[in-house]
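The values are calculated or read from the model by the stated rules, or taken from the named source; none is laboratory data. The shown structure was predicted, so the numbers you read here are calculated from the model rather than taken from an experiment. Here the Cβ is made from the backbone with ideal geometry for all residues, glycine too, and neighbour counts use every protein chain on show.
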Amino acid sequence: MLLAALARRPQLVALASLTVDITMVVAKLLVGLLTGSLGILSEAVHSLLDSVASGFALLAVRTTAARRTWRRSWRASSSC
Ligand SMILES: [Zn+2]
């Protein structure tokens, strides 16, 4: 039920993923700097790269949605 509802909102899912990734970067960076742990700092870099991937996913989903809207409006205007 929840998954079906989320499947209809891909932009929301991609945005949530990006938000979680950025939160993880900030949290790992803070803990890494406070503890001086190189392992946790490298995890922050890992999460930063995950954020970039999530950013591309959001961009792809948004581009697809914009194209769909453009095609729909183009068909509507050219059908008469
Ligand atoms: Zn990862």
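Annotations
- Selection of the stretch 7-36 for residues being over 19 Å from A53 (Cβ atoms) and not in a loop (DSSP other than H, G, I, E, B) yields A7, L30, V31, G32, L33, L34, T35.
- Within the stretch 24-56, being of a type in the set (G, A, S) and free of Cβ contacts under 8 Å to residues at least 40 places away in the same chain holds for A27, G32, G36, S37, G39, S42, A44, S47, S51, A53, G55.
- From the list A66, A60, the lone residue that is out of contact with any Lys or Arg (no Cβ under 8 Å at 6 or more places or on another chain) and either exposed (fewer than 11 other Cβ atoms within 10 Å of the Cβ) or outside any helix (DSSP H, G or I) (or both) is A66.
- Filter result for G39 (assigned to a helix (DSSP H, G or I), surrounded by 12 or more Cβ atoms within 10 Å (Cβ to Cβ) and modelled with pLDDT of 95 or more): no
- The single condition among (1) among the polar types (S, T, N, Q); (2) modelled with pLDDT under 90; (3) surrounded by 12 or more Cβ atoms within 10 Å (Cβ to Cβ) that S78 does not meet is (3).
- Selection status of V25, modelled with pLDDT of 95 or more, of a type outside the set (F, W, Y), within 14 Å of the ligand (Cβ to nearest atom) and surrounded by 11 or more Cβ atoms within 10 Å (Cβ to Cβ): yes
- V31 over 24 Å from A7 (Cβ atoms), within 14 Å of the ligand (Cβ to nearest atom) and of a type in the set (A, V, I, L, M): no
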